[in-house]
1. For a quick check: with amide H placed at 1.01 Å from N, whose amide H comes under 5 Å from GLY395's, ignoring anything fewer than 5 positions away on the same chain?
2. List the residues whose amide H sits under 5 Å from the amide H of GLY73, counting only those 5 or more places along or on another chain, with H placed 1.01 Å from N in the peptide plane.
3. With the dipole of the range 101-164 worked out from charges on the C-beta (+1 for Lys and Arg, -1 for Asp and Glu) around the Cα centre, which of MET158, SER108, LEU125 lies farthest toward the positive end?
4. Work out from phi, with θ = phi - 60° and the Karplus expression 6.51 cos²θ - 1.76 cosθ + 1.60, the ³J(HN,Hα) of each residue of the range 366-375, listed in order in whole Hz, and give x for Gly and Pro.
5. Explain nothing, just compute: Karplus ³J(HN,Hα) = 6.51 cos²θ - 1.76 cosθ + 1.60, θ = phi - 60°, for every residue of the range 305-320 in order, whole Hz, x for Gly and Pro.
6. Which peptide among 285-292, 417-424 comes first, and what is the full order, when sorted by highest mean count of other Cβ atoms within 10 Å?
7. I need the shape label for the range 129-184. Rule: rounded when a/c is under 1.5, else prolate if a/b > b/c, else oblate, with a, b, c from the alpha carbon gyration tensor.
8. Expressed as a whole percentage, what fraction of the accessible surface of the range 307-403 belongs to carbon and sulfur atoms when a 1.4 Å probe is rolled over the protein heavy atoms?
Amino acid sequence: MSIDAADHHVAPAPHASASGADHGATPSDAAANADVGNGTASHPTDRGDVPSAATPLTLTRDEARLLAVAAQGLDRRPRGRATRARLLATIRHLGCVQLDTISVVSRSHETVLWSRLGPYDPADLAALHYPDGHLIEYWAHAAALVPVELFPCFRRMMAFYADRDGWAVANRDVLDRVLARVRDGGPVASRDFERPDGVAAGPWDWYGAKPDRRALDALWTAGELMVLKRDGFQRTYELTERVLPGALDGDPPPLAEQHRTFTRRALAALGVATPRWAADYFRTGSRPHLPPAAAAATLAALADAGEAVPATVDGLAEPAWVAPGMLGRLADLRAGRGRPTLTTLLSPFDNLIWTRARTEALFGFEYRLESYTPAPKRRYGYYTLPILHRGRLVGRLDPSYDRKSRFLTVRALHLEPGVRPTAALAAAVAWALSDLATFLGAAEVGVLLSDPEPFAPLVQSALGETLSSPARGASDTPLAER
């Protein structure tokens with residue numbers, strides 16, 4: 001049985017909901033969930049003008065970019081509210097959602113889901129991990145939330161790190177002590193361990209002064225522990241055998257099957273992929289679960305089986321492949337239909353832009369996270385959010401959110417060179433900010449500065465209309481364009 005089959009290798013944890021992903025989903029929810037990210041919800045593909053999966057394609061860069069946006073579910077908002085079932089369907093399509101400790105407005109993984117689905121209850125997202133058991137955490141793209149059914153694909157990397165983590169090998173007594181603590185006393189967090197007397201953490205000590213904290217991370221990386229849940233973003237660990245009984249029995253899936261799973265998932269989520277882009281989609285910090293050479297060979301094999309479409313993209317030296325599910329959207333675009341309508345903001349760690357070279361190649365957009373850059377040397381701001389407008393990255397803004405006063409501030413907003421600061425664009429950006437404010441629970445939004453200067457007043461004026469609208473958050477079209 002394939003790892004990617006609908007009936008998974010790994011059963012949900014004992015605490016998982018017996019109803020699977022439904023959570024009271026209606027038939028309309030199920031229909032929407034089936035189409036998350038594939039661009040088919042409003043554009044059926046059973047037409048004669050759809051390109052054949054057997055015919056190699058030649059794409060303009062504009063077509064490749066728009067397919068990439070649609071594949072990520074960032075072309076338009078799905079109808080209806082963002083239910084727990086829809087959150088899960090979106091994560092399953094994306095394959096993983098990266099986690100990060102920085103929380104300027106909201107946590108990165110929360111922002112990624114908001115960008116696609118609109119305002120939702122973050123408690124529903126947390127519940128998909130615990131107690132429902134439909135998600136796990138692992139090094140999927142750095143630390144990330146991952147559908148539980150992908151656990152077998154990470155076992156080979158778990159074994160790799162178990163053998164090669166020098167600190168863990170040299171400190172096996174510490175790991176055994178921590179394992180015994182969990183086995184005898186149940187789930188634990190780093191805060192449950194005392195810091196050794198006379199030991200102080202240095203400014204760059206990632207794990208602090210507790211060897212037990214480093215042991216927890218090593219045991220999780222090696223697959224002996226799992227992250228059961230998070231409390232205030234702090235991990236609580238439990239034995240893998242208790243969270244996923246039987247998940248460590250037997251051998252990992254064959255390497256070729258693992259490569260096929262990662263390649264299929266990456267291609268579906270990317271829409272258009274080169275071997276390097278597919279390889280970068282699933283990785284630890286720097287080590288890919290799918291090496292580029294394996295990605296190239298697997299994409300070629302999938303093409304032979306009709307599961308990938310070879311393509312050349314204008315301006316790209318590398319060969320590319322297109323997900324077959326995007327052929328209907330390509331036909332629509334070539335017929336002048338189905339262009340993106342959504343304006344939204346992206347986390348710096350959003351799946352659409354996390355491969356910076358791909359972002360520059362498809363969007364002509366250079367992005368660098370400046371959180372670790374000294375303030376005087378920053379060009380755009382501490383934690384800038386790219387602005388995605390109708391399939392183009394048109395600028396970025398530097399936000400901050402005061403939770404006590406419920407005030408969302410845009411300290412600076414920069415448009416890309418050549419982007420005109422029109423009233424229509426201002427209304428679209430204002431709508432996105434208003435939608436983010438709804439998600440955060442913000443009562444007010446203020447835009448301080450912009451480049452070019454006249455754009456900030458335009459956005460602020462549009463915000464006054466958008467924030468007071470009874471339709472706030474109900475559409476992906478700003479008031480000025482309805």
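The values are calculated or read from the model by the stated rules, or taken from the named source; none is laboratory data. Quick caveat, the model's predicted, so the values are computed rather than measured. Here the Cβ is made from the backbone with ideal geometry for all residues, glycine too, and neighbour counts use every protein chain on show. For the accessible areas, the whole protein counts, side chains as well, though only heavy atoms, and no ligand, DNA or RNA atoms are used. Shrake-Rupley method; radii C 1.70, N 1.55, O 1.52, S 1.80 Å.
1. Amide H neighbours of GLY395, under 5 Å, 5+ apart: ILE387, GLU416.
2. Distant-sequence amide H within range of GLY73: GLY37.
3. Of the listed residues, the answer is MET158.
4. 8, 10, 9, 6, 9, 4, 9, 8, x, 3
5. Using θ = phi - 60°, the values come out as 8, x, 9, 7, 10, x, 8, 10, 10, 3, x, 9, 6, 7, x, 10 Hz.
6. 285-292, 417-424
7. oblate
8. The value for the range 307-403 is 50 percent carbon and sulfur by accessible area.
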